[in-house]
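The values are calculated or read from the model by the stated rules, or taken from the named source; none is laboratory data. Computed from a predicted structure; not experimentally measured. So basically every Cβ, Gly included, is an ideal-geometry build from the backbone, and we count neighbours across all protein chains shown.
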Amino acid sequence: MVFDKFWELIINNYYLIAIIILGLAGIILFAFLPSGKKKIPHFYLPFSILVLVVFYELLATYMVANRVLHEKIHYLLTSDTFKGWNTWVFNVFNYQLSKILFLLLIRENLNNKTRKTWVLYLIGILIIGSLGLTFSEIEKIHEPQPVIYFLGNIFLIIASGLFFIDLISEDYFLSLNPVEFLPFWYITLILFQSVLTLLSDVAFEYLAFNQVEIYYLFNYTSMILYFLMSIAFIMLFSLGRNTLLKNTEI
């Protein structure tokens, strides 16, 4: 019965189906990469992000289907009354863990050591801030965590900005055509999605109750940006390099 409900929820969610297809494509292509490249952060971090997104989307869906298990997990996390929300899944895996992976990915594409250190500080602040706010229950794990959402998105925007500064100021990138550089595309998409999510979160109460169409537009646009980002990751695995043209690989 639980599996039937779980399956029904999947097949009625076109976004989730697309996420699964993109994730499976990424896993298959990553599996065919030479073993040496699988150990390189430029490859295993995008792979980790694809796998993580499929995992938490399926987990969130399963929590809706299996209310009994969901309730048990809820009371392991908090003593508050169980309301059936699966918010904790997205809080932990999307707004915290995935943001850390994205920051690590951006950091790997930086050449300037000082900027790489700055991103490392951002990661540390995000981890400490998220743990502190969650365990102190200033922001409960099973409820919306607006401060953590804000930190994750603003740090990604800052890190993306550091990448573009690197791109135009470092000799390392001077001979590179950004249009042919896959990290340029997926970091641009990370930046756009982070800005969009930040605006959506900040204006959530107003949009959700007064401008529902705009709220949904923000959500759908964010989904499209993630699809494009996933395609960039899949191209990375398919080509086995971070540039579209073989002779321009760096």
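So the values come out like this:
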item	result
Considering residues of segment 4-26 that are over 20 Å from the mean Cα position of the chain (by Cα) and touching a residue at least 60 places away in the same chain (Cβ under 8 Å) only, the residue farthest from residue 98 (Cα to Cα)	5
Any hit, segment 149-160, residues being farther than 26 Å from residue 53 by Cβ and of a type in the set (Ser, Thr, Tyr)	no
Residue, nearest to residue 5 (Cα to Cα), within segment 81-94, restricted to residues that are exposed (fewer than 13 other Cβ atoms within 10 Å of the Cβ) and of a type outside the set (S, T, N, Q)	84
Elements of type helices (runs of 4 or more DSSP H) contained in segment 156-250, each with 1 or more residues being modelled with pLDDT of 90 or more	182-202, 212-239
Of all residues in segment 77-125 being aromatic (Phe, Trp, Tyr) and within 18 Å of the chain's Cα centre (by Cα), the one that is farthest from residue 162 (Cα to Cα)	88
Filter pass, residue 29 being assigned to a helix (DSSP H, G or I), at pLDDT 95 or above and within 19 Å of the chain's Cα centre (by Cα)	no
Answer from 201, 171 - the residue that is within 22 Å of residue 103 (Cα to Cα) and either surrounded by fewer than 18 Cβ atoms within 10 Å (Cβ to Cβ) or of a type in the set (Asp, Glu) (or both)	201
Residue 212 vs. criteria hydrophobic (A, V, I, L, M, F, W, C), out of contact with any Leu (no Cβ under 8 Å at 6 or more places or on another chain) and exposed (fewer than 13 other Cβ atoms within 10 Å of the Cβ)	yes
Qualifying residues in segment 31-57 (those that are surrounded by 18 or more Cβ atoms within 10 Å (Cβ to Cβ) and of a type in the set (A, V, I, L, M, F, W, C)) - the one farthest from residue 100 (Cα to Cα)	33
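One line per residue, one yes/no per condition, for (1) among the charged types (D, E, K, R); (2) assigned to a helix (DSSP H, G or I); (3) touching a residue at least 12 places away in the same chain (Cβ under 8 Å); (4) under 30 Å from residue 181 (Cα atoms):
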{"position": "46", "(1), (2), (3), (4)": "no, yes, yes, yes"}
{"position": "75", "(1), (2), (3), (4)": "no, yes, no, no"}
{"position": "97", "(1), (2), (3), (4)": "no, yes, yes, yes"}
{"position": "132", "(1), (2), (3), (4)": "no, yes, no, no"}
{"position": "147", "(1), (2), (3), (4)": "no, yes, yes, no"}
